[in-house]
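A short worksheet on the structure shown next.
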């Protein structure tokens, strides 16, 4: 993957309970030049929250709570979001977010979604 950012410049918060997935996300994002926190108690200004949504039926409530708590965009990801044509865009519109990430996804898909959520900052 290419380095799109100055390391440490943009901090992202990852909320993922699976250690292997969280570790992979941290690696991909750090390689791309992002600063990454995986604990809400870590200090620093967060630009984006990347959150696993295990139950899409509860996505709206979870996103509202995370948005209120952190005051930044949220990128939801879930193995239960559908991948068929147009589905991720429809889910993103319904939830009021820039993008959603259906699992599994590639590092390139992750970085494209992060960039879209950050508005190309």
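The values are calculated or read from the model by the stated rules, or taken from the named source; none is laboratory data. Please read all numbers here as calculations on a predicted model, not as lab measurements. Every residue, glycine as well, gets a Cβ built from its backbone with ideal geometry; the counts of neighbours run over all protein chains shown.
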Margin query: Out of everything in segment 71-86 that is surrounded by 15 or more Cβ atoms within 10 Å (Cβ to Cβ) and modelled with pLDDT of 85 or more, what residue ends up being nearest to the chain's Cα centre (by Cα)?
Written below: 75
Next item on the list: Out of the residues in segment 34-70 that are assigned to a strand (DSSP E or B) and under 19 Å from residue 101 (Cβ atoms), state the one that is modelled with the lowest pLDDT.
Entry: 37
Check: Restricting attention to segment 91-106, and to residues there that are more than 15 Å from residue 61 (Cβ to Cβ) and in a loop (DSSP other than H, G, I, E, B), which single residue is modelled with the highest pLDDT?
Finding: 106
